[in-house]
Amino acid sequence: MTDIYSADSLIRFAKQVLEANGMQQDMAQDVADVLVEGDLLGHNTHGLALLTPYIAVLKNGHMQGAGQIDVVSERAAVATWDGGYLPGPWLIRRGLDWAQTVAKEFGTATLVIKRSSHIAALAAYLEQPARDGFMVQLMCSDPFVASVAPFGGTEPLFTPNPMSYGIPTKNDPIMIDISASITTNAMTSRLHGSDKQGKHKWWLDATGSPTTDPSVLETDPPGTLMPLGGIDAGHKGFSLGLFVESMTAGLSGHGRADDVAGWGATVYLQLTDCDAFGGASEFERQMQWLVDHSMANKPINQDSPVRVPGQRAIARKAEQLRCGVSLHDTIVPALKILSEANNIAMPDQI
């Protein structure tokens, strides 16, 4: 039987564990909120599944549990921060606060952050700003990690380089969260740890042959994740990966050309106030028309109608807030270990 937990109790538990391991209270609150938001939306490889690795890097000193943001440069509507490996969710939330204030004045605000720690699920930051009338763009790379080869190559060079977009409509926002690779490192690790194969040939072995076996990333020499588009059209994913690198590593001046210490993120964040252009109501009218006509489009399979990005995630979140959060079966055992190690009661089951 699947264990079901209240969202509030999961947030409270994660916050207590983070504080017990040296993270200051406001940072722990943001990290806990964002991790549980990931699970609420269905991004269960980037929700509480990350709590154990976050504690590990917090304990070894690579993630900092306290400190201040270093503003490297700032003009009217653009800024660069050095995050000093402070918690990624805290940095992104502080960045959103800054960007909303600036975008209200100038119409748009752009922030890049170097030396952030991992920022969890990008989708977890999209909903509220989009409901407030801002179009959100958020993307990141990790110059310490390499698992995706350039199209036509066999050696890992990039991370999956995720990119996300929150787009206001008259109703629920469109929420896009995709990567420049077919699958992610986290999903690869989960499948490998469970001795499972992928549903499709998402990986290349070290010779460049497509495979369903995620364990090829652990061979010597290692295999790679395929770029988005796969063996036939992977030039598209490669191109998107280069774009993300330019917006993160390039604009921040911190990336793969440098000697990077450990797991983290280089981040690009932009907010656009839709009201500053053709008007918020007109923007929403145009986007709602597209949503409505997409969903009304004649489906290939009558049992599987067209849905827009974020629709299922928002519905899942609403359901889990009402009825409780169903965690992936690999997560609860990890939470129990953290509970015992830190002498903190497990979250409340429903």
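The values are calculated or read from the model by the stated rules, or taken from the named source; none is laboratory data. No experiment lies behind these values; they were computed from the predicted model shown. Neighbour counts run over all protein chains shown; Cβ positions are idealised from the backbone, glycine included.
A few points about this structure:
- Test: residue in the range 27-44 that is surrounded by fewer than 23 Cβ atoms within 10 Å (Cβ to Cβ) and over 20 Å from Leu321 (Cβ atoms): no
- Residue check, Val291 over 21 Å from the mean Cα position of the chain (by Cα) and part of a loop (DSSP other than H, G, I, E, B): no
- Some residue of the range 266-273 being in the same structural domain as Gly166 (by TED's automatic domain parsing), in contact with a Ser or Thr (Cβ under 8 Å, 6 or more places away or on another chain), part of a loop (DSSP other than H, G, I, E, B) and closer than 26 Å to Thr159 by Cβ: no
- From Ser179, Ser164, Ser117, Ser141, residue being farther than 17 Å from Met247 by Cβ and among the small types (Gly, Ala, Ser): Ser117
- For the range 295-319, the set of residues classified as surrounded by 15 or more Cβ atoms within 10 Å (Cβ to Cβ), assigned to a helix (DSSP H, G or I) and small (Gly, Ala, Ser) consists of Ala313 only.
- Among the residues of the range 153-165, at least one is over 25 Å from Tyr125 (Cα atoms), surrounded by fewer than 19 Cβ atoms within 10 Å (Cβ to Cβ) and either β-branched (Val, Ile, Thr) or modelled with pLDDT under 95 (or both).
- The listed residues are Pro227, Pro214, Pro168, and the only one of them that is buried (at least 22 other Cβ atoms within 10 Å of the Cβ), closer than 30 Å to Asp292 by Cβ and not aromatic (Phe, Trp, Tyr) turns out to be Pro168.
- Residue within the range 97-106 that is in the same structural domain as Ala280 (by TED's automatic domain parsing), among the aliphatic types (A, V, I, L, M) and touching a Phe, Trp or Tyr at 6+ places or on another chain (Cβ under 7 Å) present: yes
- Scan of the range 240-258 for residues that are surrounded by 15 or more Cβ atoms within 10 Å (Cβ to Cβ), of a type in the set (Gly, Ala, Ser) and outside any loop (DSSP other than H, G, I, E, B), ordered by number: Gly241, Ala249, Gly250, Ser252
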